[in-house]
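Q: Okay, handing you the structure first.
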Amino acid sequence: MKNNYDLVIVGGGPAGMAAAISAKKQGIDDILILERDSELGGILNQCIHNGFGLHTFKEELTGPEYAERYADQVRELGIPFELGTMVLGISPEKEISVISRTRGAAKISAKAVILAMGCRERPRGALGIPGYRPQSVYTAGTAQKLVNCEGVVPGKEVVILGSGDIGLIMARRMTLEGAKVRAVVELMPYSSGLKRNIVQCLDDYGIPLMLSHTVIDIKGKEKLEGVYVAAVDSTNTPIAGTEEYFPCDTLLLSCGLIPENELSRSAGIEISPLTNGPTVDESLETSIEGVFACGNVLHVHDLVDFVSEEALRAGENAAAYIKGKPASPGTPVAVKPGNGVKYTVPSKLYAQSVEGNVHIRFRVTGVFKMASIVVTCNGSEIFRKKGRIFVPSEMQDIIIPAEKLSAVSGDIEVFVEGGAAQ
Amino acid sequence: MTRELTCIGCPMGCELTVEVENGVAVSVTGNTCKIGETYAKNEISAPVRTVTTTMLSETGIPVPVKTAGQIPKGKIFEVTAAVKAVRAKLPVKMGDVLLADAAGTGVDIIASKSIKK
Amino acid sequence: MYDVAVIGAGIVGCSAARELSRYELSVCVIDRESDVGEGTTKANSAIAHAGFDAKEGTLKARFNVLGSKMLPELSKELDFAFFRNGALVLCFDEAQKGELDKLAERGKVNGVEGIKILTGDEARALEPALTEEVVAALYAPTSGIVCPFEMTIAYAENAYTNGVEFKLSTCVTDIKKISGGYLVSTDRGDIEAKTVINAAGVYADKIHAMVSSEPLTITPRKGEYMLLDTDAGRLVSKTIFQLPTKMGKGTLVTPTIHGNLLLGPTAEDIDDKENTATTRDGLAQVRAKAQLSVKDIPFGKVITSFTGLRAVGDTDDFIIGEPNDAEGFIDAAAIESPGLTSAPAIAVYLCELVGRHIPLVKKETFYAKRKGVPHFAMMTDKERCELIAKDPAYGQIVCRCCTVTEGEIINALTRPLGATTLDGVKRRTGAGMGRCQAGFCSPRSIALIAEKLGIGLLDVKKNGVYNINESEVGDNEK
């Protein structure tokens, strides 16, 4: 079997497919997408709700519909892909170790690699919730897979910890499948999910949202019997005397997504502690030459449309690399998160040699109303954008024109001005 | 009377301020597009929703489905019950009508994923 | 009538059954759980102790040292993971250095080899992650780490291969002395046996009281643990102890045989023999104590926490032997630390005790070797290719955190005394033990179990007994 390619893409979800299509359109034919599932589409296959594609297709699609649009293009363009294939490791020399029924245990080498492995959920163990360890404690995504792909509804009386979008979506999903969702419990004083999801997943069904609360104990040795929920103070410590018992047979956890970078680490790629994803420059190239990253593996997104756009750029840049585009000269400037900004992607920028406009994506650290995003270099302003509201749960995207960057001589800072954090 | 709503038309979730007279929205502000205006008007007098769920196929594999348009919010559970009562025949192509006129709403249930046999 | 009925399929019961299966004896093992090793055996520190801690002249000392010597050969014979990584017992107070010397002396008397006393700096040279507060340490090179459930499953499978019957999902309700032996009543019928071995863990006192009026009390000693991801697994290479107290060996920091970092246990005597819940305070204690020994423990890498119950007797030693009023009823009780290490030697001794009632005739054919589920994660590419060519199911990775294939899971389900639950699959293959804690692999594992057992997906259990109505699932009677 063929075991070297110009471009290998790890992951056939929305990021991987968009990157492949983009590289193909740039004239790269020798591509291989490696996907561990039995079909393309990645996480979208289990996201049967809508809200996808408003930016990309100007239509509101469900996850599978969005995925199928890209999968159809992959097939139409004749881009090779292998399913049921797990990548076990990547060497710094871009040698990829794979396992599949057809290849056995094999090594594939590539001129360029695009990492598009997505992310995984934070499990109960990492949250340290004390109590028994019965069945029926699931992360929301695992429950989603069970319901939407296996046709198995794990329970009838549900408590959900975490008001991120997955938790909210599953609150509605379980309700539509006949379960009673007793509460969605959120540690923070605000929900990290989209406002529309609070309305259409909780308000529509009368499901209470308990902010500044958490699950402090799990009861039921073999079968889940119930959970204790308590209010927390400003240090997230449970407040004695506020404990409330919720009998339930299912506990869903929606407490954070972690980019899946075990493979990136195996290659020795530098990982940012702020994003848990690879550090990249404006071309989305990681610390290893010819290895690019996009999508949730780079930083966790909330809109798949942003993923597709990012992946498109990764595909273009990987194509340029394969065609022999020389490495950017000189040293990059750092892009630093300043006041109110948690992280930026990219974290470095070859300002002198930038060709087109540069996207800087970031998240804010709190809720800012009537504020401005400002980008400065050595104190002088190179970009400003006003906004009515900026929230942590919505990734921000600013586009800096190339001409503003060519004059940049030092590190760049991105920060929020005005609209005190709430 | 003034009502504050969050638009669910797209992930932006614009905060809308709606002036209501006699149970009807007479003015909508805070929206960034037409979707918000339409949403506010409907939400006040006759709220509607798109329902996304799964319909089991004859083999037990779930087929993701959605209502082809919006249905009255009050009929959500009637629609899901109607979906539960039938089985989809594989193969299914994205867009196929799997149940016409669900629960008498005039809206079809269509497949949102193609699934082979 | 069986020659021997062993009550309890933990490490003690299963190792005893295997040793007994060398002889022409009819043996059965009874356990109320649906799998072997579901009690204390699956929730402990997994250390193969060197033997310097146990008081001289006790059964603990005798069997610990014997067991420790048996383990290397046994792990190869029965195909379970074991490694002699060595241990350090830390001393933080100059005034307590004498305690280390006492342990070293005890080790010498017990027959432990290679023990040395090190200065704090020497200890830190061996283990740079140790805290600055360490002033001295005892070094025991023969201390090891093992997989306690793999060891138990290995013993059980080998016993089964050699003719032992396993009656799982069977709860003993009463035992009566009858002519020629004992009548063991269970919720699945009666069993008659000439001799009975009581290896019932925290319930050994309850079982003992069914036949004997000699006092025996087992107090469950609760121990909470935290387990860290494999990328924290090299923080230390040796098992790091603190000076022992009345309540036991204290909180340790150790690499596990699977490459994780294990912290714990706490030690709290409780009444409830079913209380295996972790607590906020307990986990906080593990954190605090572990940090005394090792600096910069990356608590952000904790992947799970759990609780085990040790069976503590009131004599400070193992309780192995027949009560005066119950001839042929053999207690193997109060097997707390160093029980795991001692089990291979206790098993041999239990045979001797049975031999006082029934002549032990060696079998002509005894299958001493046992091969476990193949571990794909440990294989070379060449071995993997060969395996996949023979069976493509090995080319399908199900657990991506631990690189476990569909072939291994199917193997775990179809082998003798095969898994019937998610935990059973986990303990035989490792699937679900990794950083995502089965979030990714459980839907597929559930589907494979459901298919094998012929039950619905929702009926698949994480652990526990399947209802009698759900077909005779997990019943391994011949």
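Nothing in this text is a laboratory measurement; each read-out follows from the coordinates by a stated rule. As the structure is a computational prediction, the values presented were derived from the model and not from experiment. Here the Cβ is made from the backbone with ideal geometry for all residues, glycine too, and neighbour counts use every protein chain on show.
Q: Classify chain C as rounded, prolate or oblate, taking a ≥ b ≥ c as the square roots of the eigenvalues of its Cα gyration tensor: rounded when a/c is under 1.5, otherwise prolate if a/b is larger than b/c and oblate if not.
A: Oblate shape, in that a/c is at least 1.5 and b/c is the bigger or equal ratio.
Q: Identify the residues of the range C:202-229 with backbone N under 16 Å of a label point that sits 7 angstrom from the Cα of C:Glu327 along the Cα-to-Cβ direction, or state none.
A: C:212
Q: Quick one: of the DSSP bridges fully inside the protein assembly as shown, what percent are antiparallel, nearest 5?
A: Details: 130 of 185 bridges.
The antiparallel fraction comes to roughly 70 percent.
Q: Which FRET efficiency value, to the nearest 0.05, is calculated for C:Gln291 and C:Asp314 with the Förster distance at 25 angstrom and r the Cβ-Cβ distance?
A: 0.15
Q: In a GNM of chain A with a 10 Å cut-off on Cα contacts, which of A:Ile108, A:Ile129, A:Ile96 has the highest mean-square fluctuation?
A: Judging by the Gaussian network model, the answer is A:Ile129.
Q: Could I ask something else about it? Given a Förster distance of 51 angstrom, what is the FRET efficiency for C:Thr217 paired with A:Leu211, based on the Cβ-Cβ distance and rounded to 0.05? Could the numbers behind the result be given before it?
A: Values: r = 49 Å, r/R0 = 0.95.
Once rounded, the FRET efficiency stands at 0.55.
Q: Continuing with this model, one more query. If you take the square roots of the eigenvalues of the alpha-carbon gyration tensor of the range A:328-422 and sort them as a ≥ b ≥ c, do you get rounded (a/c under 1.5), prolate (a/b over b/c) or oblate?
A: prolate
Q: Going by how many other Cβ atoms sit within 10 Å of their own, how do A:Met370, A:Met188, B:Met12, C:Met226 line up, fewest first?
A: A:Met370, A:Met188, B:Met12, C:Met226
Q: Here is a further query. Enter the per residue convex hull volume of the protein assembly as shown, computed from alpha-carbon coordinates, in Å³ rounded to the nearest integer.
A: Per residue, the Cα convex hull of the protein assembly as shown comes to 187 Å³.
Q: Using bins 5 angstrom wide from zero, how does P(r) for the range B:2-46 break down, in % of all Cα pairs?
A: 5, 29, 38, 19, 6, 1
Q: Could you sort the peptides B:37-47, C:83-93 by per-residue average Cβ neighbour count (10 Å cutoff), highest mean leading? Display every interim value, and only then the final one.
A: Working: B:37-47: 17.8, C:83-93: 20.8.
For the peptides B:37-47, C:83-93, the packing ranking is C:83-93, B:37-47.
Q: Sticking with this one: Does chain A come out rounded, prolate or oblate by the C-alpha gyration tensor, with a ≥ b ≥ c the root eigenvalues, rounded set by a/c under 1.5 and, if not, prolate when a/b is larger than b/c and oblate if not? Please list the in-between numbers first.
A: On the way: a/c = 1.99, a/b = 1.30, b/c = 1.53.
Note, shape of chain A comes out oblate.
Q: Could you list the trypsin sites (Lys or Arg not before Pro) in the range C:188-236 that lie in coil according to DSSP, counting only those with at most 13 other Cβ atoms within 10 Å of their Cβ?
A: Counting only loop positions with at most 13 other Cβ atoms within 10 Å, the trypsin sites (Lys or Arg not before Pro) in the range C:188-236 are C:Arg234.
Q: Mind checking C:435-446 for the average number of partner chain beta-carbons within 10 Å of each residue's beta-carbon?
A: On the way: counts 8, 10, 10, 5, 13, 9, 1, 6, 9, 2, 0, 3.
What the average comes to for C:435-446 is 6.
Q: Here's something else I'd like to know. At a Förster radius of 35 Å, what calculated FRET efficiency corresponds to the Cβ-Cβ distance of B:Glu21 and A:Lys386, to the nearest 0.05?
A: For R0 = 35 Å, the calculated efficiency reads 0.55.
Q: Let me ask something else about it. Can you run phi through the Karplus equation (6.51, -1.76, 1.60; θ = phi - 60°) for the range C:123-135 and list ³J(HN,Hα) in whole Hz, with x for Gly and Pro?
A: Going residue by residue, I get 5, 5, 5, 6, 10, x, 7, 5, 6, 5, 6, 5, 9 Hz, with x marking Gly and Pro.
Q: If you place +1 on the Cβ of every Lys and Arg and -1 on the Cβ of every Asp and Glu, how big does the dipole about the Cα centre of the range C:76-165 come out, in debye to the nearest 20?
A: 260
Q: At what distance in angstrom do the alpha carbon centres of the range B:14-35 and the range C:247-309 lie from each other?
A: That distance is 57 Å.
Q: Local charge sum around B:Val92 (other residues, Cβ-Cβ under 9 Å, Lys/Arg +1, Asp/Glu -1)? Don't skip to the end; give the middle numbers.
A: Numbers: positive: B:Lys89, B:Lys93, B:Lys113, B:Lys116; negative: B:Asp96.
With Lys, Arg at +1 and Asp, Glu at -1, the neighbours total +3.
Q: Compute for the range B:52-111: radius of gyration divided by Kirkwood radius, i.e. Rg/Rh, restricted to C-alpha atoms, rounded to two decimals. Don't skip to the end; give the middle numbers.
A: On the way: Rg = 10.6 Å, Rh = 11.3 Å.
That ratio is 0.94, to two decimals.
Q: Would you tally the net charge around C:Phe63, using a Cβ to Cβ cut-off of less than 14 Å, leaving C:Phe63 out, and scoring K and R as +1, D and E as -1?
A: -2
Q: Pop a pseudo-label 7 angstrom from the Cα along the beta-carbon direction at both C:Thr58 and C:Asp459 and give the gap in nm to one decimal.
A: Going from the C:Thr58 label point to the C:Asp459 one covers 4.8 nm.
Q: Would you mind pulling out the separation of the Cα centroids of the range C:336-413 and the range C:77-99, in Å?
A: First find each Cα centre; the distance between them is then 27 Å.
Q: Any idea what % of Cα-Cα pairs in the range C:91-165 are farther than 21 Å? Walk me through the numbers before you get to the answer.
A: On the way: 1363 of 2775 pairs.
Pairs farther apart than 21 Å: 49 percent.
Q: Any idea how far apart C:Arg188 and A:Phe57 come out in nm if each label point goes 7 Å out from Cα toward Cβ?
A: Computed distance between label sites C:Arg188 and A:Phe57 equals 5.3 nm.
Q: Something else now. Fewest to most neighbouring Cβ within 10 Å: what's the order for A:Ser372, C:Ser15, C:Ser75?
A: In increasing order of surrounding Cβ atoms, one gets A:Ser372, C:Ser75, C:Ser15.
Q: Could I ask something else about it? Arrange the following residues from fewest to most other Cβ atoms within 10 Å of their Cβ: A:Glu285, C:Glu77, C:Glu127. Walk me through the intermediate numbers first.
A: Values: A:Glu285 24, C:Glu77 14, C:Glu127 21.
Result, fewest neighbours first: C:Glu77, C:Glu127, A:Glu285.
Q: Here's another thing I want to ask about it. Counting partner chain Cβ atoms within 10 Å of every residue's Cβ in C:175-187, what's the average?
A: Counting Cβ atoms of other protein chains within 10 Å of each residue's Cβ and averaging gives 0.
Q: Place a label point 7 angstrom from the Cα of C:Lys177 along the Cα-to-Cβ direction, then list the residues of the range C:321-341 whose backbone nitrogen is under 14 Å away.
A: Once the point is set 7 Å along Cα→Cβ of C:Lys177, C:322-330 turn out to lie under 14 Å by backbone N, inside the range C:321-341.
Q: How far apart, in nm, are the 7 Å Cα→Cβ label points at C:Met378 and A:Ser109?
A: Label-label distance for C:Met378 and A:Ser109, simple model: 3.2 nm.
Q: Angle check, please: helix A:14-25 long axis (alpha carbons) against the longest principal axis of chain A (alpha carbons), in degrees 0 to 90, nearest 10.
A: 20
Q: Now for a different question. Give me a single rounded figure for A:173-184: the average over its residues of other chain Cβ atoms within 10 Å of their Cβ.
A: That works out to 2 on average.
Q: Considering only C:Gln285, C:Gly259, C:Tyr2, whose Cα is most displaced toward the positive end of the charge dipole of chain C, charges sitting on Cβ of Lys, Arg (+1) and Asp, Glu (-1)?
A: The one lying farthest along the dipole's positive direction is C:Gly259.
Q: Using the Cα centre of chain C as the reference point, and only Cβ charges (+1 on K/R, -1 on D/E), how large is the resulting charge dipole? Debye, rounded to the nearest 20.
A: Using only the charged Cβ atoms, the result is roughly 1020 debye.
Q: Here is a further query. Roughly speaking, what is the centre-to-centre gap between the range A:345-422 and the range C:139-157 when only Cα atoms are used, to the nearest Å?
A: 56
Q: Going by average Cβ neighbours within 10 Å, how do the peptides A:320-327, C:239-246 rank, with the highest at the top?
A: Packing proxy ranking, top to bottom: C:239-246, A:320-327.
Q: A further question follows. So what is the 222 nm mean residue ellipticity for the protein assembly as shown from helices alone, if each DSSP H run of at least 4 adds -39500 (n - 2.57) and you divide by all residues, rounding to the nearest 500 deg cm²/dmol?
A: -7500 deg cm²/dmol
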